[in-house]
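Just below is one structure, and these are the notes that go with it.
The values are calculated or read from the model by the stated rules, or taken from the named source; none is laboratory data. Everything quoted here is computed from the prediction, not taken from an experiment. Positions of Cβ are backbone-derived with ideal geometry, glycine not excepted, and every protein chain shown enters the neighbour counts. The protein model used for the area step is the full one, side chains on, heavy atoms only, and it has no ligands, DNA or RNA in it. Shrake-Rupley method; radii C 1.70, N 1.55, O 1.52, S 1.80 Å.
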Amino acid sequence: WLPPAAALPPEVEEAVRTARSSDAVILALGIAAPDDVPRRDAEILESETIDRPHIYLPSMQERLLEAVCSAGKPVVVVLYSGGPLAVPAADRSAAAVLQAWYPGEEGGTAIADVLFGDCNPSGRLPVTFYASMDQLPPFGDYSMADRTYRYFRGKPLYPFGFGLSYTRFSYRA
């Protein structure tokens with residue numbers, strides 16, 4: 001999915017230097033809510049609009065993720081989006097991924113509470129996160145085959161209901 005390798009922008013090189021000198025990295029990635037993006041920023045977001053052309057992170061964020069993870073420090077990805085994203089590089093390279101959705105004005109506090117263990121992250125994904133666009137049926141195919149957790153036969157990146165917690169629990173009758 002990534003475009004041909006090119007020299008990393010200075011901001012990404014700076015992020016890698018900072019990561020190397022850190023104990024751990026919290027890396028915020030994702031896509032902005034379409035209504036919150038000023039028109040002048042549309043190119044930065046790869047022309048994100050209400051209808052997304054793909055389910056991946058913008059290519060520069062993919063490059064940032066790979067570069068920062070190569071620094072050899074534990075990386076926690078905080079993922080912002082209004083729906084599922086295919087983030088196999090985060091799954092493969094990051095120590096953890098926290099799906100933040102579009103959290104609102106108290107979102108920073110809530111995310112910090114989860115990251116620092118002050119709040120037990122007990123949420124489960126309400127949707128399936130696919131590993132790639134290859135797992136999605138053609139847009140014009142209106143059958144339910146391979147759509148949603150109920151009919152999907154492949155191995156998604158994160159299935160419906162996926163989620164972790166700081167504690168162990170079990171259910172008994």
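Taking other residues whose beta carbon is less than 13 angstrom from the beta carbon of ALA67, and scoring Lys, Arg as +1 and Asp, Glu as -1, yields -1. Heavy-atom accessible surface of LEU98, to the nearest 10 Å², is about 40 Å², with a 1.4 Å probe and all protein chains retained.
Just the Cα atoms of the range 69-155, one point each, no solvent: what log10 I(q)/I(0) does Debye give at q = 0.24, 0.26 Å⁻¹? Normalising to I(0) and taking log10 leaves -1.25, -1.35. The local environment of ASP146, defined by Cβ-Cβ distances under 13 Å, has a net charge of +2 under the rule Lys, Arg +1 and Asp, Glu -1.
Taking label positions 7 Å along the Cα-Cβ direction at both ASP118 and ALA28, the computed distance is 1.7 nm, reported to one decimal. For the range 113-173, the per residue solvent-accessible surface stands at 80 Å², with DNA, RNA and ligands left out and a 1.4 Å probe.
The heavy atoms of ASP118 offer some 120 square angstrom of accessible surface to a 1.4 angstrom probe.
Calculated over the range 107-173, the projected area of the Cα convex hull averaged across directions stands at 7.2 nm².
Label separation (LEU125 vs THR148): 1.7 nm, computed from points 7 Å beyond Cα along the C-beta direction. Quick one: if the Förster radius is 25 Å, what FRET efficiency do SER132 and GLU106 give, using the C-beta to C-beta distance and rounding to 0.05? Calculated transfer efficiency: 0.15.
Here the Karplus relation 6.51 cos²θ - 1.76 cosθ + 1.60, evaluated at θ = phi - 60°, turns the backbone of the range 88-97 into coupling constants of x, 5, 5, 4, 6, 10, 8, 6, 7, 10 Hz, with x for every Gly and Pro. Shape class of the range 85-135 from the Cα gyration tensor (axes a ≥ b ≥ c, square roots of the eigenvalues): prolate, since a/c reaches 1.5 or more and a/b is larger than b/c. Modelled label positions at THR167 and GLU66, each set 7 Å beyond Cα in the direction of Cβ, lie 4.1 nm from each other.
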